[in-house]
Amino acid sequence: MAIVKLGDAAFHTIGELPTAGSAVPDFTLTGVDLGDIRLADYRGESIVLNIFPSIDTPTCQMSVREFNKRASELSTARVLCVAMDLPFAFARFCGAEGLENVVSASGFRSSFGDAFGVTMTDGPLRGLYARAVVVVNPEGLVTHTELVESVGSEPNYDLALSAIK
């Protein structure tokens, strides 16, 4: 398990992020159309998993906006924004913001958080995902991970996107 912070309080995740060089855990998430989003749907593509607690918080919204902006410049990768929010919340936010370069992916009926080690197990946000980024190459191998130490901080976008080959 890992430790993340919210303000001065420290709390735990259910596990650890996958390590660079390992195979990405298989997953099925839910899209805004309530259809399945599977890892297999992106076979042969690079994927950036932007993982966060909730689309209804300012820092999470900033990360989705920033990855949406940068994804428009990527021809070789897809960005999936992953949280426990219901698909309706993703649709509302991304629709209102006109964000079309990222894929909204809900983990509300998935074991994604456990497989990726990001589900927070204690503290006021228990049950939600910690803020993290996982980059996966077209062969399905993890090339970069970042568990953001403070849930209220943004990830290192440049470092994540530089892991795309």
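The values are calculated or read from the model by the stated rules, or taken from the named source; none is laboratory data. Note that this is a predicted model, so its numbers are computed, not measured. Don't worry about glycine lacking a Cβ; one is built from the backbone with ideal geometry, like all the others, and counts go over all protein chains shown.
Out of Val32, Val48, Val24, report the one residue that is of a type outside the set (Phe, Trp, Tyr), modelled with pLDDT of 95 or more and over 17 Å from Tyr129 (Cβ atoms).
Within the list Val32, Val48, Val24, the selection yields Val32.
Quick one: which of Val79, Val64, Val136 is in contact (Cβ under 8 Å) with a residue 60 or more places away in the chain and crowded, with 16+ Cβ neighbours inside 10 Å?
Result: Val136 is the single residue among Val79, Val64, Val136 that is in contact (Cβ under 8 Å) with a residue 60 or more places away in the chain and crowded, with 16+ Cβ neighbours inside 10 Å.
Kindly provide the set of residues from segment 67-76 that are of a type outside the set (Gly, Ala, Ser) and either in contact (Cβ under 8 Å) with a residue 60 or more places away in the chain or surrounded by fewer than 16 Cβ atoms within 10 Å (Cβ to Cβ) (or both), ordered by number.
If the condition is that a residue be of a type outside the set (Gly, Ala, Ser) and either in contact (Cβ under 8 Å) with a residue 60 or more places away in the chain or surrounded by fewer than 16 Cβ atoms within 10 Å (Cβ to Cβ) (or both), then Phe67, Lys69, Arg70, Glu73, Leu74, Thr76 are the ones that fit.
Sort out which residues of segment 139-161 are surrounded by fewer than 20 Cβ atoms within 10 Å (Cβ to Cβ), in a loop (DSSP other than H, G, I, E, B) and either out of contact with any strand residue (DSSP E or B) (no Cβ under 8 Å at 6 or more places or on another chain) or of a type in the set (A, V, I, L, M, F, W, C) (or both), and write them in order of number.
Residues satisfying the conditions are Glu139, Ser153, Glu154.
Pick from segment 113-138 the residues that are small (Gly, Ala, Ser) and assigned to a loop (DSSP other than H, G, I, E, B): which of them is farthest from Glu73 (Cα to Cα)?
Residue satisfying both the conditions and the ranking: Gly123.
Has segment 90-112 got any residue that is of a type in the set (A, V, I, L, M, F, W, C), touching a helix residue (DSSP H, G or I) at 6+ places or on another chain (Cβ under 7 Å) and either farther than 23 Å from Gly152 by Cα or assigned to a loop (DSSP other than H, G, I, E, B) (or both)?
Within segment 90-112, one or more residues are of a type in the set (A, V, I, L, M, F, W, C), touching a helix residue (DSSP H, G or I) at 6+ places or on another chain (Cβ under 7 Å) and either farther than 23 Å from Gly152 by Cα or assigned to a loop (DSSP other than H, G, I, E, B) (or both).
If you take the residues of segment 115-133 that are of a type in the set (Ser, Thr, Tyr) and closer than 18 Å to Val24 by Cβ, which of them is surrounded by the most Cβ atoms within 10 Å (Cβ to Cβ)?
Ranking the qualifying residues of segment 115-133, first place goes to Tyr129.
From the set of residues in segment 1-60 that are part of a loop (DSSP other than H, G, I, E, B), of a type in the set (Ser, Thr, Tyr) and under 16 Å from Cys94 (Cβ atoms), which is nearest to the chain's Cα centre (by Cα)?
Among those that are part of a loop (DSSP other than H, G, I, E, B), of a type in the set (Ser, Thr, Tyr) and under 16 Å from Cys94 (Cβ atoms), it is Ser54.
Tell me whether segment 145-158 contains one or more residues that are among the polar types (S, T, N, Q), more than 17 Å from Cys81 (Cα to Cα) and at pLDDT 95 or above.
Within segment 145-158 (the criterion being among the polar types (S, T, N, Q), more than 17 Å from Cys81 (Cα to Cα) and at pLDDT 95 or above), the answer is no, since none of the residues qualifies.
Limited to segment 82-108, what total is found for residues that are exposed (fewer than 15 other Cβ atoms within 10 Å of the Cβ) and either at pLDDT 95 or above or in contact with a Leu (Cβ under 7 Å, 6 or more places away or on another chain) (or both)?
2
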